[in-house]
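The values are calculated or read from the model by the stated rules, or taken from the named source; none is laboratory data. Values in this document were obtained by computation on a predicted structure and should not be read as measured data. When we count neighbours, we look across all protein chains shown, and the Cβ atoms used for this are built from the backbone with ideal geometry, even at glycine. Ligands, DNA and RNA are stripped out before the accessible areas are found, and what is left, the full protein with its side chains, is counted by its heavy atoms. Shrake-Rupley method; radii C 1.70, N 1.55, O 1.52, S 1.80 Å.
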Amino acid sequence: MTAGTSSAIGSGRDESSADGSVEARRSARTGLAGLAGAATNGLFGFLLAVVITRGYGTVGAGAFFAAIGVVTVTAAVCTLGAETGLIWTLPRRRVGAGGDAARVLPVALLLPLVAAIVVGLTGVIAADALAPRLLDGPGAGGTALIAASFAAVPLVVAMTLLLAVLRCVRPIRAYVGVQSVLVPVARPLLVGAAAVAGGGVLVGLTGWMIPAALAIVVCLLLVAGPLGIGRGAALRPERADWSAFWRFALPRAASAAIDASAVWVGVLLTSVLAGQSDAGVFGAVGRYILAGQLAMQGLRVAVSPQLSRLLGSGERAAAAVVHRQMTTWALVLSWPVYLLLAVFGLAFLQLFGPGFTAGATAITVLALAMLINTGVGNVQTLLLMSGRSGLHLVATVAGLAVTVSLGLWLIPQHGVTGAALAWATGIATENLTSFVCARLVIGQPLVDATLARAAAAVTVGVGLAALAGVLTGGRGVAGLVVALIVLVSGCVGLLTVPVIRGRIRVTMVQFRRSQTAVPIAARTATTSRKER
């Protein structure tokens, strides 16, 4: 039993509740910043998908999405779980010139960057052999596209790792500014400029890569000061630094690759087994599915360092409070999106063009699966921040095995719909397995009455709005517009209810003071003693 746990037990339920309230307020403030970033990321991520699909058509979009898939999957593998290792490790260390946080950088950066360079060079050399297998037709264009994708892998790995460092040593607004504003805003602008100028997919992919280079430069400038680099901070790691970091990160390496490549595995499988056109449709469907998940991602990056600190000090009850609060927020923000996608998938896909409406059934299947994903919350983060990366790996491997095995069976006969069924089953498998493991590890309830009431209210409210839309305008754009009008009107009406307005005021109080990025070791200990 840790000291933190002993203290909590000895001081009784009141202090435990107070600690939970303090942590809930902290998570509320960081969560709001994360949600703002997620909203921006989602908006411009969707805009990027529109630019790609409208600018290059189903076949060109299929090639573009396949190229992004190569970069994303390969970079996730080469990162070796080090980005999660940084978020787990840095909140437990001291920053500044006299701190020990900077010693982690060589440990975390060296192996992934070497792996990225080796794999990237190998991929460039093998591009001529890989292109016909990943894309519909062989030729110089496909070879150059695959070669460019592998060449970008070290760039994406470096950006991913430096963003993790940034999240841990600067206020969250700095992380949001780079990861959720700079990169997603620049990409559709550059890709769109390439498409308008008549550039091919290779030119568009180059526009997609450039913001990663800009992000690396900005991150380096922002993290050097807090870590004390150039001001006497020790950069030579000790032997214990290597063993502690990689003992956690290596099991995460495989699961991180699976997490980051979820939609892209489906795109690549569809491209190989059903053709480039179907892969383009599946990539477009995946953009909607990922957009709905951005609220969870924003909340996860906001509170992961906080969860690492709490679980590292044995404060599991407070960590469970934070998790339940963030899950409720994610559900309220994400379920309306997925319920509308499930009913009006045809209308959403029409925005990409007539060639993409073949994915209507696929988007319905995946939207329903994502209700499970958001309903259990960021249970994977709980496992990781508790140091149980091995259990998280078990869950992700189970999900991937189901996705790939079903995909190999279903995609050749059913195309996009088969890919969606395979991925949906994998999503359910991974999340339910993670939920059971997290519940056992944390030893605290991960679901409460507030979460259940929120789920019921969202389902009934959005369900009635969707029913009104279908009855009056069908499942196309007209029906979607009616459903949105009904839904917005209902939300405005709820604001007139005194109880609802009172709860909103209480929530907004939590946002009034700014929240810094992470309480790192020494700072955290001081703050914790003052609060107690």
Across segment 125-146, which residue is modelled with the highest pLDDT among those that are among the β-branched types (Val, Ile, Thr) and open to solvent by less than 40 Å² (accessible area, probe 1.4 Å)?
Ile146
Residues being under 16 Å from the mean Cα position of the chain (by Cα), over 15 Å from Pro251 (Cβ atoms) and hydroxyl-bearing (Ser, Thr, Tyr): count how many of those fall in segment 65-89.
1
Exception for Ala455 within (1) assigned to a helix (DSSP H, G or I); (2) open to solvent by 60 Å² or more (accessible area, probe 1.4 Å) falls at (2)
Quick one: which of Arg94, Arg54 is assigned to a loop (DSSP other than H, G, I, E, B) and open to solvent by 40 Å² or more (accessible area, probe 1.4 Å)?
Arg94
For Val157, are the conditions met, namely being under 29 Å from Val59 (Cα atoms), buried (at least 23 other Cβ atoms within 10 Å of the Cβ) and among the β-branched types (Val, Ile, Thr)?
yes
Hey, Leu221 within 26 Å of the chain's Cα centre (by Cα), closer than 16 Å to Ala152 by Cα and open to solvent by 80 Å² or more (accessible area, probe 1.4 Å) or not
no
Here's a check for you: in segment 458-477, which residue that is outside any loop (DSSP other than H, G, I, E, B) and either among the basic types (Lys, Arg) or open to solvent by 60 Å² or more (accessible area, probe 1.4 Å) (or both) is nearest to Arg324 (Cα to Cα)?
Thr459
For residues that are crowded, with 19+ Cβ neighbours inside 10 Å and of a type outside the set (Val, Ile, Thr), scanning just segment 429-450, find the one that is farthest from the chain's Cα centre (by Cα).
Cys437
Could you tell me whether segment 201-216 includes any residue that is touching a Gly at 6+ places or on another chain (Cβ under 8 Å), surrounded by fewer than 17 Cβ atoms within 10 Å (Cβ to Cβ) and either at pLDDT below 90 or in a helix (DSSP H, G or I) (or both)?
no
Can you go through Val337, Val332 and tell me which one is in a helix (DSSP H, G or I), buried (at least 19 other Cβ atoms within 10 Å of the Cβ) and in contact (Cβ under 8 Å) with a residue 24 or more places away in the chain?
Val337
In the set Thr425, Thr496, Thr450, which member is out of contact with any strand residue (DSSP E or B) (no Cβ under 7 Å at 6 or more places or on another chain), assigned to a helix (DSSP H, G or I) and more than 23 Å from Ala358 (Cα to Cα)?
Thr450
Residue check for Arg300: modelled with pLDDT of 80 or more, over 16 Å from Leu451 (Cβ atoms) and either open to solvent by 20 Å² or more (accessible area, probe 1.4 Å) or touching an Asp or Glu at 6+ places or on another chain (Cβ under 9 Å) (or both)
no
Under 7 Å between Cβ atoms, which residue pairs at least 6 apart in sequence (or on different chains) link something in segment 178-199 that is farther than 13 Å from Val50 by Cβ and free of Cβ contacts under 8 Å to residues at least 12 places away in the same chain with a partner that is open to solvent by less than 10 Å² (accessible area, probe 1.4 Å) and in a helix (DSSP H, G or I)?
none
Which one is nearest to Ser434 (Cα to Cα), of the residues in segment 401-417 that are open to solvent by 60 Å² or more (accessible area, probe 1.4 Å) and free of Cβ contacts under 8 Å to residues at least 24 places away in the same chain?
Ser405
Condition check for Ala75: in a helix (DSSP H, G or I) and either surrounded by 20 or more Cβ atoms within 10 Å (Cβ to Cβ) or at pLDDT 80 or above (or both):
yes
May I ask you to list the residues in segment 248-273 that are at pLDDT 75 or above and touching a helix residue (DSSP H, G or I) at 6+ places or on another chain (Cβ under 6 Å)?
Phe248, Ala249, Leu269, Thr270
Out of Gly387, Gly355, I need the residue that is assigned to a loop (DSSP other than H, G, I, E, B) and touching a residue at least 60 places away in the same chain (Cβ under 8 Å). Which one?
Gly387
Mind counting the residues in segment 377-400 that are under 12 Å from Leu432 (Cα atoms) and either buried (at least 21 other Cβ atoms within 10 Å of the Cβ) or in contact with a Lys or Arg (Cβ under 7 Å, 6 or more places away or on another chain) (or both)?
8
